[in-house]
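The values are calculated or read from the model by the stated rules, or taken from the named source; none is laboratory data. All of these numbers come straight from a predicted model, not from anything done at the bench. FYI the Cβ positions are ideal-geometry reconstructions off the backbone, even for glycines, and counts take in every protein chain you see. Please note that ligands, DNA and RNA were not included when accessible areas were found on the heavy atoms of the full protein model with its side chains. Shrake-Rupley method; radii C 1.70, N 1.55, O 1.52, S 1.80 Å.
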Amino acid sequence: MKTRFPIKLYALAGLTAALLSACAPTVTTYRLEPVSGDVATIDGRAVTKAEQNGVGVVASFEREDLDYVAFDVEIKNKTDQPIEVNPADFRFAALGAAQDTLTDPNNANQLISRAAADPTYEAGRMNLKRKQEEKRLKRAKIMNTVLMVALIASDVSSSGQSRSPREWINNRVTHDVGYQALAVKRAVDHGTFANRMQRYDYEEYRWRELALRTNIVQPGQSVRGFVYLPKVQNANYLAINYSVAEQATVPLLFKQELVQEKRRR
């Protein structure tokens, strides 16, 4: 009687092969530089300054940050009244090479326009993300237990059967691969959990400590922080507008390039 191995064992073997595959030798990075306003180079970085109706914005591209491109922004209140500064009031339209407005690939009638991340909202989501990750790990542990039980049952069932030396060797190799694959899967599950939790710790720090927060800025004062815009990979330009309700709309234009760089080992 031939022993039938569970389909999940073959899936484990496939998972092992995927985990051992080599990474791509290059990585794509975002570079943006201002092409509007009063542009100057400060400490090797291109900085632009624009103003409307007493609301001034100084901005430079800081870095690529996970799902966002981050800008170092200072907002100056040169009016005679307090203004409310909210990073979510930064919006941008994605432009093509001819500075034409790009449309959503999934909806030709929809222009690609996005708002900056709201740090208060994003920081409030961190606990939910952590709980979801804990649930994912718990499900993975249950699945690993099921796979181990199936593997042991198959091993015990097949080991007691009389077979030729070649069949015995093949049976042993198959189950050894299964045990190794399961060990790899467990390590990957725990590694993924640890990496994501570490990422969420960083994200919480980013939203609470680095990002520009909602503020009331008094006349003659300014506020500074990072503004995070969602990535749009196919954009050649980002036409950014910062609006203060019924008072000013300050435009900024940044050119975007995607650069291929060698991955650091």
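Tabulated data for the structure shown
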quantity	calculated
Amide hydrogen neighbours beyond the local backbone of Q221, cut-off 5 Å, H modeled	N77
Cβ-based net charge around D38, under 12 Å, with every Lys or Arg adding one and every Asp or Glu removing one	0
Net charge over other residues, Cβ less than 15 angstrom from the Cβ of A245 (K, R count +1; D, E count -1)	-2
Whole-Hz couplings from phi, Karplus 6.51/-1.76/1.60, listed for segment 31-40; x for Gly and Pro	10, 10, 9, x, 10, 9, x, 8, 8, 9
Chain lengthening between R114 and I142 when straightened (0.36 nm per residue, less Cα-Cα)	6.1 nm
HN-Hα J in Hz across segment 65-81 - Karplus 6.51, -1.76, 1.60, θ = phi - 60°, x for Gly and Pro	9, 6, 8, 10, 10, 9, 10, 7, 10, 10, 10, 10, 9, 9, 8, 9, 9
Amide H partners (placed H, <5 Å) of D65, local residues excluded	A70
Net +/- balance of residues flanking V217 in space, Cβ distance below 12 Å, scoring K and R +1, D and E -1	+2
For segment 106-112, Karplus couplings with θ = phi - 60° (6.51, -1.76, 1.60), whole Hz, Gly/Pro x	8, 8, 5, 8, 10, 6, 7
Given K135/K262; K76/K131; K129/K185; K78/K231, the pairs whose alpha carbons are separated by over 28 Å	K135/K262; K76/K131; K78/K231
5 angstrom amide H check on L102, placed H, neighbours 5+ away	A94, L95, G96, I112
Solvent-accessible surface ranking, highest first, for R45, R136 at 1.4 angstrom	R45, R136
Highest to lowest packing among 140-151, 220-231, scored as the average C-beta count within 10 Å	220-231, 140-151
